[in-house]
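Peer 1: Dropping the structure in here first, questions after.
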């Protein structure tokens, strides 16, 4: 049953963006609640084989694509091409068939083919670890670059996708309009020890609790820490 948000307690007065946030408590409680929930697809790829190339490819595939589709598409592709050299040998049509039905699979196939060519020709078939070099690759934005740096190289950074952006604003940590603004603000206020893990935590939290429409506030384990910004209906 849905509840109108007007009936919720007003937490706004006592919680201000970026201030008085009990980070350790909130993130610990979130992770305990999410313990049995499935990891995001790219995290599963990283856990199966810690390889920056696999992480890069699966992240490119994951854009605007459901996790279960991403995971299956990635594994199909890796069975045929598990390195930049092997991927470079495939034509775009075959790559597209292997990653279908990922969203925008034709564009992604074109980008993956080009990425493989660039990696083999410019980087010795290795994935670069710098933000600057990653952003030069076709189809790679800050979200993808940060996730590759986080999971592939263990480098600090905050990967902001739609879940991280939505939950961070809704709960009241930040008040931002774009993912880039959210990344900047979180880097300012979030303890550095949580930078790498926050994406995995908030993606699962956004999928299972703080959903885009009608979030499940009745089961939320951190409701007392939340301002519920912009929520009109809850479950």
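The values are calculated or read from the model by the stated rules, or taken from the named source; none is laboratory data. In this text the structure is predicted, and so the values were computed from the model without any measurement. Note that we place each Cβ from the backbone using ideal geometry, even for glycine, and neighbour counts take in every protein chain shown.
Peer 1: What do you reckon, is residue 190 farther than 18 Å from residue 23 by Cβ and either more than 16 Å from the chain's Cα centre (by Cα) or at pLDDT 95 or above (or both)?
Peer 2: It is false that residue 190 is farther than 18 Å from residue 23 by Cβ and either more than 16 Å from the chain's Cα centre (by Cα) or at pLDDT 95 or above (or both).
Peer 1: I'd like the full set of residues that are assigned to a loop (DSSP other than H, G, I, E, B) and crowded, with 21+ Cβ neighbours inside 10 Å, limited to the stretch 82-121.
Peer 2: The answer is 102, and nothing else.
Peer 1: Let me ask you something else. Would you check if residue 124 is at positive phi, free of Cβ contacts under 8 Å to residues at least 12 places away in the same chain and either surrounded by 15 or more Cβ atoms within 10 Å (Cβ to Cβ) or not in a helix (DSSP H, G or I) (or both)?
Peer 2: Details: at positive phi: yes; free of Cβ contacts under 8 Å to residues at least 12 places away in the same chain: yes; either surrounded by 15 or more Cβ atoms within 10 Å (Cβ to Cβ) or not in a helix (DSSP H, G or I) (or both): yes.
It is true that residue 124 is at positive phi, free of Cβ contacts under 8 Å to residues at least 12 places away in the same chain and either surrounded by 15 or more Cβ atoms within 10 Å (Cβ to Cβ) or not in a helix (DSSP H, G or I) (or both).
Peer 1: I'd like to know if the stretch 168-175 contains one or more residues that are in contact with a helix residue (DSSP H, G or I) (Cβ under 6 Å, 6 or more places away or on another chain), surrounded by 14 or more Cβ atoms within 10 Å (Cβ to Cβ), free of Cβ contacts under 8 Å to residues at least 40 places away in the same chain and under 21 Å from residue 25 (Cα atoms). First the steps, then the outcome.
Peer 2: Start the filter on the stretch 168-175 by keeping residues that are in contact with a helix residue (DSSP H, G or I) (Cβ under 6 Å, 6 or more places away or on another chain), which leaves 168, 174.
Now restrict to residues that are surrounded by 14 or more Cβ atoms within 10 Å (Cβ to Cβ): 168, 174.
Add one more test, that the residue is free of Cβ contacts under 8 Å to residues at least 40 places away in the same chain, and what stays is 168.
Within this subset, residues satisfying the condition of being under 21 Å from residue 25 (Cα atoms) are 168.
Yes, the stretch 168-175 contains a residue that is in contact with a helix residue (DSSP H, G or I) (Cβ under 6 Å, 6 or more places away or on another chain), surrounded by 14 or more Cβ atoms within 10 Å (Cβ to Cβ), free of Cβ contacts under 8 Å to residues at least 40 places away in the same chain and under 21 Å from residue 25 (Cα atoms).
Peer 1: Could you pull out the residue among 224, 216, 188 that is in contact with a strand residue (DSSP E or B) (Cβ under 9 Å, 6 or more places away or on another chain) and surrounded by fewer than 15 Cβ atoms within 10 Å (Cβ to Cβ)?
Peer 2: 216
Peer 1: Can I ask one more? Would the stretch 149-166 turn up any residue that is surrounded by 15 or more Cβ atoms within 10 Å (Cβ to Cβ), farther than 25 Å from residue 47 by Cα and either in the same structural domain as residue 27 (by TED's automatic domain parsing) or at pLDDT 95 or above (or both)?
Peer 2: Scanning the stretch 149-166, I find at least one residue that is surrounded by 15 or more Cβ atoms within 10 Å (Cβ to Cβ), farther than 25 Å from residue 47 by Cα and either in the same structural domain as residue 27 (by TED's automatic domain parsing) or at pLDDT 95 or above (or both), so the answer is yes.
Peer 1: Condition first: buried (at least 16 other Cβ atoms within 10 Å of the Cβ), farther than 19 Å from residue 141 by Cβ, under 22 Å from the mean Cα position of the chain (by Cα) and modelled with pLDDT of 95 or more. Can you find one or more residues in the stretch 53-62 that meet it?
Peer 2: Going through the stretch 53-62, the residues buried (at least 16 other Cβ atoms within 10 Å of the Cβ) turn out to be 53-62.
Checking which are farther than 19 Å from residue 141 by Cβ leaves us with none.
There is no residue in the stretch 53-62 that is buried (at least 16 other Cβ atoms within 10 Å of the Cβ), farther than 19 Å from residue 141 by Cβ, under 22 Å from the mean Cα position of the chain (by Cα) and modelled with pLDDT of 95 or more.
Peer 1: Only one of these conditions is not met by residue 184: (1) part of a helix (DSSP H, G or I); (2) outside the structural domain of residue 47 (by TED's automatic domain parsing); (3) in contact (Cβ under 8 Å) with a residue 12 or more places away in the chain. Which number is it?
Peer 2: (3)
Peer 1: Condition (residue is modelled with pLDDT under 70, farther than 25 Å from residue 187 by Cα, in contact with a helix residue (DSSP H, G or I) (Cβ under 8 Å, 6 or more places away or on another chain) and surrounded by 12 or more Cβ atoms within 10 Å (Cβ to Cβ)) applied to the stretch 16-31: is it met by at least one residue?
Peer 2: Scanning the stretch 16-31, I find no residue that is modelled with pLDDT under 70, farther than 25 Å from residue 187 by Cα, in contact with a helix residue (DSSP H, G or I) (Cβ under 8 Å, 6 or more places away or on another chain) and surrounded by 12 or more Cβ atoms within 10 Å (Cβ to Cβ), so the answer is no.
Peer 1: Identify the single condition in (1) in a loop (DSSP other than H, G, I, E, B); (2) buried (at least 21 other Cβ atoms within 10 Å of the Cβ) that residue 203 does not satisfy, given that it satisfies every other one.
Peer 2: (1)
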